[in-house]
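Novice: Sharing a structure below in structure tokens format, with a few things to ask.
Rule-based calculations on the coordinates, nothing more; no lab input. What you see is a predicted model; the values in this text were computed from it and never measured. Note that each Cβ is placed from the backbone with ideal geometry, even for glycine, and that neighbours are counted across all protein chains shown.
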Amino acid sequence: MRNITLSKAVNEALAEEMRLDSTVILMGEDVAEAGTPFKVTSGLVEEFGTTRVIDTPISEPGFTGLAVGAAMTGLRPVVDIMFGDFLFLIMDQLCNQAAKTHYMSGGKLTVPMVVRTNMGATRRSAAQHSQSLHALVAHIPGIKVAMPSSAYEAKGLMKTAIRDNNPVIIFEDKLMYQDKAPVPEQEYLIPFGAAHILREGSDITLVATSSMVQVAQAAALHLAEQGVSAEVIDPRTIAPLDEETILTSVKKTSRAIVIDEGHQSYGVTAEIAARIAEKAFYHLDAPVQRLGAMDVPIPFSPALEDLTVPTPDDVVARALMAMRGELFHAL
Amino acid sequence: MAKPAQKNSDAYLHMYRQMVKIRVFEDSANELYLTAKMPGLTHMYSGQEAVAVGICEALETRDKITSTHRGHGHCVAKGANFKQMFCELLGKDEGYCHGKGGSMHIADQANGNLGANAIVGGSAGIATGAALTAKTLGTGDVAVCFFGDGALGQGLLYECMNMAALWDLPVIYACENNLYGEYTHVSEMAAGALMDRASAFGIEGHEVDGQDVLAVNELSQQLVARARNGEGPFFMLLNTYRYHGHHVGDINRAYYRSKEEETFWKETRDPITNFGDWLVTEKLASFDELQALHAEIKTEAKAAVNYALSAAYPAVEDVTEHVFAETV
């Protein structure tokens, strides 16, 4: 199988869906000739023209609002939000309008739109271009949230998102755009709400999202060298969340660490850990642990920024403590 | 009244009927509130009927509108029926949104009403997006974005007007200046001339007497036809007045506007009274015929209210329905 970058995988997903369905349009800042700063959408305007690949003014709430109205009336817009940090600008259109329209209208109106944006620190982009804000939108009923962990995942999840009849937001880790992975030539979709078990294990479950899947996989290798068998699970979508796969795994391993790049407090790690504690408590041999980004604005200095996100070493240390039955209340 | 375009008397009487329907609907809704039969609050459209009716009578069913928290008038004018509207106001299952939306979120997609919106200015994107769909798919539909003077403070509106102008979208921004955003006069909230907001984007703007249904309708017909022809977007500033407070519970209003002002508008500028007088003067209807029409609509409203009062609430299991649409 060929290896392609995550950037190319997203580009292919967009192009394939635009070829299949003439109501799919792409809109955002510099998505046409510029192909976005990350060059993800390069070539699309040449194939589909400026009617379907629309460069917008720097007006995130405005063009997201247009997408909501367009989705309600027959188009399937994919909105490009250049940096995930700009989510704060579109919160009303996304959370008060798009997310609630189907429910508020008693099922009469639908909003089949995709917001594709990014996340991830350690790119030396400082506090307003480095956040991982997926927990904010996952909190809102009516929005689906996908978090691809590789090029393969990014393509399959994007295609599913475009065909979904609801608002979907996809967070791509901006540090992974050039990461290559095997991606089939033939068409495939990845269903939402179906977690992927990347590695089977018997001692501890590592639930990880997006780029943290790589962190968990690296940790699992180190742990294996020390005789600890880790199971690695990628939920793929955090809304909907495949709770069953996670709980089944934890009931088997009796230990769990949840790793995610959002801020740790009130975040995705807290949510998944709480569900494990609620529904698999009597199967646990150790407290469920969370590893999220530090609760600080992402600092610019490399010396500080790298401290803020979980690393394989962090995961290994926590896992070994869990295996040894050490108490965690001092952490 | 403005000099009328060529129309037959049926069209005039239909406009009159639509305005009376809105007034009677609002009086009935107010009564439901005052007698504690309605959950929550609602915002009355009374006084502004000529705006919604003058514009919506120029639209076809397939054309789209977006509405506001003060949206009952737009909803009626776009073709909604009393029964489903009252059911929605009372949170009943037979309401337009199965009781899940309520007064501030009624949507009637079959008639092209994409919904009222409880965020001031919040539907500017939706209306403009509907116009983007119309242009992209070549449907020939026109979208009208209703909003009040209060929304002139929202940045979203200007972002959307900018894109509509850049892309020649078939959308009409209908600014209903009823003089008050909530409890504050427009002069305290909007700097500069209101019409300049349109010209800043190169959008053709028109100011019109929002109490004169014929003037509103004549202008709307021209602008809708031109928007359908690809000449949009347009901006309409409709000068009007809100008879009630910001919402039904806003009873003591002396701190922000005088009784004299309210009386002036109600007694000299009422859009229904003035249009009725004109119909009689032009011998298009008799006074008795108009009175009979009022009585008929009041009877219809009473029946719809009684129906809604005894209608069933949604089933408890419906609370989790419609969070997500099904994907086939």
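Novice: Inside 10 Å of the C-beta atoms of B:97-105, what's the mean count of C-beta atoms belonging to other chains?
Specialist: Mean inter-chain Cβ contacts per residue within 10 Å come to 4.
Novice: Would you mind counting up the charge near B:Ala143? Only other residues with Cβ under 9 Å from its Cβ, with Lys and Arg at +1 and Asp and Glu at -1.
Specialist: -1
Novice: What is the sum of charges around B:Ile119, taking Lys and Arg as +1, Asp and Glu as -1, for the other residues whose C-beta is under 11 Å from the C-beta of B:Ile119?
Specialist: 0
Novice: Over region A:196-324, what is the mean sequence separation of C-alpha contacts under 8 Å (at least six apart), divided by residue count, expressed as relative contact order in percent?
Specialist: In percent, rounded to a whole number, it is 27.
Novice: Could I get the Rg over Rh figure for region B:179-328? Both from C-alpha atoms, Rh via Kirkwood, rounded to two places.
Specialist: Ratio of gyration radius to Kirkwood radius for region B:179-328: 1.06.
Novice: Moving on to the next point. Filter the trypsin sites (Lys or Arg not before Pro) in region B:236-308 to those in DSSP coil with at most 14 other Cβ atoms within 10 Å of their Cβ, and list the result.
Specialist: B:Lys283
Novice: Hydropathy at least -0.5 by Kyte-Doolittle, axial extent at least 18 angstrom from the Cα trace: which helices of chain B, defined as entire DSSP H runs, fit?
Specialist: B:9-34, B:124-137, B:213-228, B:287-310
Novice: Per DSSP H run of at least 4 residues, take -39500 (n - 2.57); add these up for the protein assembly as shown, divide by its residues and hand me the 222 nm value, nearest 500 deg cm²/dmol.
Specialist: Calculated mean residue ellipticity at 222 nm is -11500 deg cm²/dmol.
Novice: If you take the C-alpha gyration tensor of the protein assembly as shown, multiply each eigenvalue by 5 and take the square root, what semi-axes do you get, largest first, in whole Å?
Specialist: 53, 27, 21
Novice: Taking chain A as the reference, fit the longest principal axis to its C-alpha atoms, fit the long axis of helix A:151-163 to the helix C-alpha atoms, and give the angle between the two in degrees, 0 to 90, nearest 10.
Specialist: Taking the Cα atoms of chain A, the angle to A:151-163 is about 50 degrees.
Novice: Can I ask one more? Under the definition of partner shielding as Cβ atoms of other protein chains within 10 Å of a residue Cβ, what is the mean value for peptide A:206-212?
Specialist: Partner Cβ neighbours, averaged per residue: 0.
Novice: Restricting things to alpha carbons, tell me how big region A:167-230 is in terms of Rg and Dmax, in Å.
Specialist: 14.4, 44
Novice: For region B:105-148, what is the convex hull (Cα atoms) projected area averaged across all directions, in square nanometres?
Specialist: Average of the hull's projected areas for region B:105-148 equals 3.1 nm².
Novice: Right, another one. Please list, or write none, the aspartates and glutamates whose alpha carbon is within less than 15 Å of the alpha carbon of B:Lys135, excluding same-chain residues fewer than 8 places away.
Specialist: B:Asp63, B:Asp168, B:Glu231
Novice: Additional query: How many Lys pairs in chain A lie less than 12 angstrom apart by Cα atoms, where the lysines are 8 or more positions apart or on different chains?
Specialist: So the count works out to 6.
Novice: So for region A:106-192, considering every pair of alpha-carbon atoms, how many percent are separated by more than 15 Å?
Specialist: 62
Novice: Let's test the formula: R0 of 30 Å, r as the Cβ-Cβ distance of B:Asp27 and B:Glu60. What FRET efficiency results, to the nearest 0.05?
Specialist: Plugging the Cβ-Cβ distance into 1/(1 + (r/R0)^6) gives 0.55.
Novice: In Å and from the alpha-carbon atoms only, list the Rg and Dmax of region A:122-247.
Specialist: 15.2, 47
Novice: How compact and how long is chain B, expressed as Rg and Dmax of its alpha-carbon atoms in Å?
Specialist: According to the Cα coordinates of chain B, Rg and Dmax are 19.2, 59 Å.
Novice: As I understand it, the value is the acute angle between the Cα axis of helix A:268-280 and the longest principal axis of the Cα atoms of chain A; what does it come to in degrees, rounded to 10?
Specialist: 50
Novice: Taking every DSSP beta bridge that has both residues in region A:196-324, what percent is antiparallel when rounded to the nearest 5?
Specialist: Around 20 percent of the beta bridges assigned by DSSP in region A:196-324 are antiparallel ones.
Novice: Report relative contact order for chain B in percent, whole number only (criteria: Cα-Cα under 8 Å, sequence separation at least 6).
Specialist: 24
Novice: Taking every residue in A:86-94, how many Cβ atoms of other protein chains lie within 10 Å of its Cβ, on average?
Specialist: For this peptide, the per-residue mean of nearby foreign Cβ atoms is 2.
Novice: Under Stokes-Einstein, with the Kirkwood radius over Cα pairs standing in for Rh, what whole-number D in µm²/s applies to region A:3-182 at 20 °C and 1.002 mPa s?
Specialist: My calculation gives 134 µm²/s for D.
Novice: I've got another one for you. Per 5 Å bin from zero, what fraction in whole % of the C-alpha pairs of region B:186-259 is there, up to the bin with the longest pair?
Specialist: 3, 12, 18, 18, 17, 13, 10, 6, 2, 0
Novice: Which far-off residues, 5 or more places away or on another chain, put their amide H under 5 Å from the one on A:Glu172, with H placed in the peptide plane?
Specialist: A:Thr117, A:Asn118, A:Met119
Novice: Here is a follow-up. Report the GluC sites (Glu not before Pro) located in region A:176-243 that are in a DSSP loop and have at most 15 other Cβ atoms inside 10 Å of their Cβ, or state none.
Specialist: In loop regions of region A:176-243 (DSSP not H, G, I, E or B), the sparsely surrounded GluC sites (Glu not before Pro) are A:Glu185, A:Glu187, A:Glu200.
Novice: Could you calculate the contour length gain from A:Leu20 to A:Ser265, that is, 0.36 nm times the residue separation minus the distance between their Cα atoms, to one decimal place in nm?
Specialist: 84.0 nm
Novice: Note the per residue figure in Å³ for the convex hull of the C-alpha positions in chain A.
Specialist: 131
Novice: Expressed as an acute angle from 0 to 90° and rounded to the nearest 10, what is the orientation of the C-alpha long axis of helix A:6-20 relative to the principal long axis of chain A?
Specialist: That works out to roughly 40 degrees.
Novice: To continue, here is another question. Write down the percent of antiparallel bridges among all DSSP beta bridges whose residues are both part of the protein assembly as shown, to the nearest 5.
Specialist: 15
Novice: Given Cα pairs under 8 Å that are at least 6 residues apart, what percent is the relative contact order of chain A?
Specialist: 16
Novice: Hey, could you grab the Kirkwood Rh for region A:196-324? Inverse mean 1/r over distinct alpha carbon pairs, Å, one decimal.
Specialist: For region A:196-324, the Kirkwood estimate is 14.4 Å.
Novice: Same structure again: Do any trypsin sites (Lys or Arg not before Pro) in region B:55-93 lie in a loop, going by DSSP, with at most 14 other beta-carbon atoms within 10 Å of their beta carbon, and if so which?
Specialist: B:Arg62
Novice: Right, another one. Work through the residues other than B:Pro271 whose Cβ is under 14 Å from its Cβ and net out their charges, Lys, Arg +1 and Asp, Glu -1.
Specialist: -3
Novice: Counting only residues 5 or more places away or on other chains, whose amide H sits under 5 Å from the amide H of B:Gly181 once H atoms are built in the peptide plane?
Specialist: B:Val186
Novice: While we're looking at this one, here's another question. For B:Ile65, enumerate residues with amide H under 5 Å from its amide H, sequence gap 5+ or separate chain, H modeled in the peptide plane.
Specialist: Sorted by chain and number, the residues that satisfy this are B:Asn113, B:Leu114, B:Val144.
Novice: Debye sum, Cα scatterers, region B:1-132, no solvent: what log₁₀ I/I(0) at q = 0.20 1/Å?
Specialist: Scattering profile of region B:1-132, log10 relative to I(0): -1.16.
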